[in-house]
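The structure appears right after this line, and notes come after that.
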Amino acid sequence: MDSRVFYKSALELEKLLDSGKLTSVELAKILIERTKSVENQLNAFISFDEEKTINEAMQSDGRRKAGKKLSNLDGIPVGIKDLIAEQGQPLTCGSKILQGYVSPYDATVIKRMRNVGCVLWGRLNMDEFAMGSSNENSYYGKVSNPWDVSRVPGGSSGGSAAAVASGETILALGSDTGGSIRQPASFCGIVGLKPSYGSVSRYGVVAFASSLDQVGPMGRSVGDVAALFHIISGHDGRDSSSYPIDKTNHTLESIANKTAKVIGIPSEYFGEGLDSGIRQAIENAIKFYEKAGHRIQKVSLATTEYTMAVYYVVAAAEASSNLARFDGIRYGYRSENVRDAIDIYYKTRGEGFGSEVKRRIMLGTYVLSNENFESHYLRAQKVRTLIRNDFMRVFEKVDMLITPVTPSTAFKIGEKSANPLQMYLSDIYTISANLAGLCALSLPCGLSHNGLPIGLHLIGKPFHEHEILSLGYEFEHAHDFKDMHPVI
Ligand code: GLN
């Protein structure tokens, strides 16, 4: 067996499992070993349960032997961002306040993966409560980028991205509120999909900003990401914001089916502040699509300049309300030297939350206060509607958009941690898809002059994941970026 089995795609591994050349238990053991050998450099996992993982793999092998394979991902290990509830497993959200908390039930996405035989492999590191763009905000330690361990993997799903990129897992789930799947996918040279708002159930997913959060798949190929998306998406009666639409097919055959599209290039996404190497890589990708027979059209999204401000009002407001439940009574950590109930709240929250989370709670409480509600929160909601309208107007003329994912490649650990505004700008190109409820894909499209991955961003209409996956696959298939791996 090839010594780098951990770099194979899920769909390649499926064939090996079907042929009997590899068992799911062997695969799980290979990943466990790989993880143990690189974790001291990466810190991508918060916890993992070897025995449980091998046991699930064993059950998958049994099904295959009996000719009862449940799906194309039966027996394939998937790492889970540590904000998605898996029964019996720790659920920390990267926070001290949830230290020791064990989830009593499965999130809908977990249940769906179990139902098709996925092996639920370890709990992946993340910025505390998914707030961050560098994975430096985890109580359980920073995560490093496998391409250069002195650099950040991006965030908040930095553990998921680093684990996939380094071959610690085959697939992973992340979550994206303002870019947290796409930005780390781009920094680590992998593929990440932020589904349209309402495509994937949020039941059992710890909320950061409920009107923006979406769970999505991360993997090393577009086909793998499509396969996992197919499993986790679809209506769920337990999430009132889950959208009741018929499931489209996301098999490799269906996304490999080409049709000519009209692709919009929004000028506002190519202005000042964009790294020249990234600009070049995106322009090359646009030329590729043009040559392949798609029509390229320049468009304008005039509301782009307001996205950052709107996001930090809306996301902070929702976070301050969602995080009120962490009171030291119901979940996880409780401060010890307390006088009375009020003191429990103060001390537990004071000791349990990190500084970025506190910053967001304060900002959110401020914009929701009586004096500021109308001038800040309500106004932000109105501008959010204008941003969405802007996209919908453009989508009358084009099928999808191409933009960069990030203004720079992976930055150095510590480079931006003292300057929150600089850090927030990392998501300047990704945030609008969340505000407008759109789907968006990040996939590798090159390496910078210093050997760091660059991501290509395809933004699609709500519930048109199939189209961006298909266009992403076309690019991936014609290049060999998916076979580039970090040396670690
Ligand atoms: N970096 C953004 C933030 O800190 C987005 C995070 C996310 O998508 N979860 O809020």
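The values are calculated or read from the model by the stated rules, or taken from the named source; none is laboratory data. What you are looking at is a predicted structure, and each value in this text was computed from that prediction instead of being measured. All Cβ positions, glycine included, derive from the backbone under ideal geometry; neighbour counts span all protein chains shown. These accessible areas exclude ligands, DNA and RNA; they are computed on the full protein's heavy atoms, side chains included. Shrake-Rupley method; radii C 1.70, N 1.55, O 1.52, S 1.80 Å.
Summary of values
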{"read-out": "Residues of segment 306-333 satisfying the condition of being open to solvent by 10 Å² or more (accessible area, probe 1.4 Å) and modelled with pLDDT under 95", "value": "Asp327, Ile329, Arg330, Tyr331, Gly332, Tyr333"}
{"read-out": "Qualifying residue in segment 113-130 (condition: away from the ligand (no atom under 16 Å from the Cβ), under 15 Å from Ala85 (Cα atoms) and outside any strand (DSSP E or B))", "value": "yes"}
{"read-out": "Of residues in segment 220-239 being open to solvent by less than 10 Å² (accessible area, probe 1.4 Å) and of a type in the set (Val, Ile, Thr), the one nearest to the chain's Cα centre (by Cα)", "value": "Val225"}
{"read-out": "Only one of Lys36, Lys69, Lys81, Lys8 that is of a type in the set (Lys, Arg), touching a residue at least 40 places away in the same chain (Cβ under 8 Å) and within 30 Å of Gly100 (Cα to Cα)", "value": "Lys81"}
{"read-out": "Cβ pairs under 7 Å, 6+ apart, first in segment 223-240 and over 25 Å from Tyr473 (Cα atoms), second basic (Lys, Arg) and open to solvent by 10 Å² or more (accessible area, probe 1.4 Å)", "value": "Asp239/Arg202"}
{"read-out": "Yes/no for Ala165 being modelled with pLDDT of 95 or more and either on the phi > 0 side of the Ramachandran plot or within 16 Å of the ligand (Cβ to nearest atom) (or both)", "value": "no"}
{"read-out": "Among the candidates Gly94, Gly100, residue that is at pLDDT below 95, more than 14 Å from the chain's Cα centre (by Cα) and more than 24 Å from Ser221 (Cα to Cα)", "value": "Gly100"}
{"read-out": "Considering residues of segment 385-425 that are away from the ligand (no atom under 14 Å from the Cβ) and among the aromatic types (Phe, Trp, Tyr) only, the residue farthest from Ile286 (Cα to Cα)", "value": "Phe391"}
{"read-out": "Residue list for segment 290-312, filter: outside any strand (DSSP E or B), more than 16 Å from the ligand (Cβ to nearest atom) and among the β-branched types (Val, Ile, Thr)", "value": "Thr303, Thr304"}
{"read-out": "Answer from Gly94, Gly100, Gly88 - the residue that is closer than 30 Å to Glu128 by Cβ, open to solvent by less than 10 Å² (accessible area, probe 1.4 Å) and not in a helix (DSSP H, G or I)", "value": "Gly94"}
{"read-out": "Subset of segment 418-435 (residues that are modelled with pLDDT under 90 and in a loop (DSSP other than H, G, I, E, B))", "value": "Ala418, Asn419"}
{"read-out": "In segment 426-441, the residues that are more than 20 Å from Thr385 (Cα to Cα) and more than 10 Å from the ligand (Cβ to nearest atom)", "value": "Leu441"}
